[in-house]
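Just below is one structure, and these are the notes that go with it.
The values are calculated or read from the model by the stated rules, or taken from the named source; none is laboratory data. Worth saying up front: this structure is predicted, and the values here are computed from it rather than measured. Using ideal geometry, Cβ is built from the backbone for each residue, glycine included, and neighbour counts are taken over all protein chains shown. Calculation scope for accessible area: heavy atoms of the full protein, side chains included, ligands and nucleic acids excluded. Shrake-Rupley method; radii C 1.70, N 1.55, O 1.52, S 1.80 Å.
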Amino acid sequence: MNDPRALAARVIARLQDDRGSLQRLLPWAEKQLGDDEISSATGGKNRALLRELCYGTARFAPRLELILAKLSRKPVKDDELAALMLVGLYQLEYTRIPDHAAIAATVEAARALKLGHATGVVNGVLRNALRNKEALTRKLSGNPQFSSAHPAWLQQAIKDAWGSEARTIFTANNENPPMTLRVNTSRISRDDYLEQLQDAGIPGEACELSAAGIVLQNAVAVARLPGFEDGHVSVQDQSAQLAAPLLDPQPGDKILDACAAPGGKTCHLLELQPDLNLTALDIEEERLDRVIENLERIGAGAELICADAAEPEHWWDGEQYDRILLDAPCSATGVIRRHPDIKLLRRPTDIPELAELQGRILRAMWRLLKPGGTLLYATCSILPEENSAQVARFVAETGDARDNTPELFNDLPWGLPQEAGIQLLPGIHTGDGFYYAKLEKTREA
């Protein structure tokens, strides 16, 4: 099959059925376009269209699902047919594709999906959507899921957590994210790299939050970035770039980067301080391969361990660490603009389950930290259950744990101080949503 709309419908249907993520499904879908398509100019356009339809439909699926429900006389039972109509609605609502072309191509995609019996339904729903667009918007405008383009439960959770800031967060989540770079300042200064970008015709400017960060005016293929293959620069959001400087590695430190994949923070630590005894840990072998690739590209080395951070008894050698970076598994609600499929993949029941896992890993990591050592707890979530509430509870229950984050507040030009730790929010700050808490293990419990 080489129909980008049909493939997009298959991707969306699988996302809705919790059978993968965009990161895993898109490469599969791109392969379905065929070698001839991929190597041709048309193939390049089809790949770009496929990505646009997948990301865009996922981003606005909560809103599009409400429109489809209004237009359908009864629930659509076939998952791929429902997903295809969402893809069609996305084109009509959010792209510059001419309406008649979008409808005709989406009807043809039904045939590619072997849903020829439903072409009349697809045609009718999309034409009704076009005809009744203003009326549908008026009817649905009071629905929080429609106005925010977030699932109802997530819309409420963000509103409960951030009140008047929620609207700004929703808006930011629904925008395309910028491409942000981290300059390897052990090789080249940020100013010098900005000049190289200018010479290459790639406009960019220094990040507000990160001393090594650059935000590009427009996204480009990494192959176009000067010195990328030589490790002079990496792609990483500026909020994530704050982790390594906050951990503050010192020469000779024994450091554990727990839940390390894909290795951006691992590499940044070694760029800041090459003389480290650093271990990168992750539970997935495939994800550790990404860490290896990134380390090789910047010419750095680390010990790699594939194991469960929550069960150090199976892999830890008993020697405690000076510093630990715990980028804990989380809901990823702070990076929705980069991963809009989170709106389809996350469930309200995930949050307490993730909080329980985070607590187990945090307690396990604490045993591995030397007295006087530092643990930086980080997530790309904006939900307090995973962040400030998690850390406040840990500090209250752990006699030798001290939250040192407040000492940073006067020196940091970013973030919202919390009950414990500090929070960055999409739209409120210039990077992705991130949480940090810098914890010290006191020498006496």
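Side notes on the structure shown:
- Residue match in region 291-304 (condition: of a type in the set (S, T, N, Q), open to solvent by 40 Å² or more (accessible area, probe 1.4 Å) and either part of a loop (DSSP other than H, G, I, E, B) or modelled with pLDDT of 95 or more (or both)): no
- Gln238 satisfies every condition listed in (1) open to solvent by 10 Å² or more (accessible area, probe 1.4 Å); (2) assigned to a loop (DSSP other than H, G, I, E, B) except (1).
- Every pair of residues 6+ apart whose Cβ atoms lie under 6 Å, when the first sits in region 95-114 and is free of Cβ contacts under 8 Å to residues at least 40 places away in the same chain while the second is assigned to a helix (DSSP H, G or I) and open to solvent by 30 Å² or more (accessible area, probe 1.4 Å): Asp99/Leu130; Val107/Asn123
- Residue within region 82-102 that is closer than 18 Å to Pro4 by Cα, of a type in the set (Lys, Arg) and over 31 Å from the mean Cα position of the chain (by Cα) present: no
- Filter result (among the acidic types (Asp, Glu) and either farther than 30 Å from Tyr94 by Cβ or not in a loop (DSSP other than H, G, I, E, B) (or both)) within region 196-221: Asp199, Glu205
This table checks each residue for (1) among the polar types (S, T, N, Q); (2) assigned to a strand (DSSP E or B).
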residue: Gly359; (1), (2): no, no
residue: Ala364; (1), (2): no, no
residue: Pro371; (1), (2): no, yes
residue: Leu375; (1), (2): no, yes
residue: Ala378; (1), (2): no, yes
residue: Ser381; (1), (2): yes, no
residue: Val391; (1), (2): no, no
residue: Gly399; (1), (2): no, no
residue: Glu419; (1), (2): no, no
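- Checked against (1) under 15 Å from Arg127 (Cα atoms); (2) at pLDDT 95 or above; (3) open to solvent by 10 Å² or more (accessible area, probe 1.4 Å), Ser72 passes all but condition (2).
- Set Ala258, Ala219, Ala200: member being open to solvent by less than 10 Å² (accessible area, probe 1.4 Å), modelled with pLDDT of 95 or more and out of contact with any Phe, Trp or Tyr (no Cβ under 8 Å at 6 or more places or on another chain): Ala258
- Qualifying positions in region 170-195 - β-branched (Val, Ile, Thr) and either in a loop (DSSP other than H, G, I, E, B) or buried (at least 23 other Cβ atoms within 10 Å of the Cβ) (or both): Thr180, Val183, Thr185, Ile188
- Of the residues in region 327-338, not one is more than 14 Å from Leu256 (Cα to Cα) and in a helix (DSSP H, G or I).
- Of all residues making up region 93-122, the number that are open to solvent by 20 Å² or more (accessible area, probe 1.4 Å) and either part of a loop (DSSP other than H, G, I, E, B) or not β-branched (Val, Ile, Thr) (or both): 18
- Residue that is farthest from Thr266 (Cα to Cα), among those in region 309-326 that are under 23 Å from the mean Cα position of the chain (by Cα) and surrounded by 22 or more Cβ atoms within 10 Å (Cβ to Cβ): Ala309
- Qualifying position, being crowded, with 20+ Cβ neighbours inside 10 Å, among the basic types (Lys, Arg) and not in a loop (DSSP other than H, G, I, E, B), among Arg51, Arg5: Arg5
- Every pair of residues 6+ apart whose Cβ atoms lie under 8 Å, when the first sits in region 164-179 and is farther than 18 Å from Leu216 by Cβ while the second is loosely packed, with under 14 Cβ neighbours inside 10 Å: none
- So Arg63, is it closer than 21 Å to Pro151 by Cβ, open to solvent by 10 Å² or more (accessible area, probe 1.4 Å) and of a type outside the set (Val, Ile, Thr): yes
- Pair list, Cβ < 7 Å and 6+ apart or interchain, from region 333-362 residues that are touching a residue at least 60 places away in the same chain (Cβ under 8 Å) and open to solvent by 30 Å² or more (accessible area, probe 1.4 Å) to residues that are part of a loop (DSSP other than H, G, I, E, B) and among the aliphatic types (A, V, I, L, M): His339/Ala332
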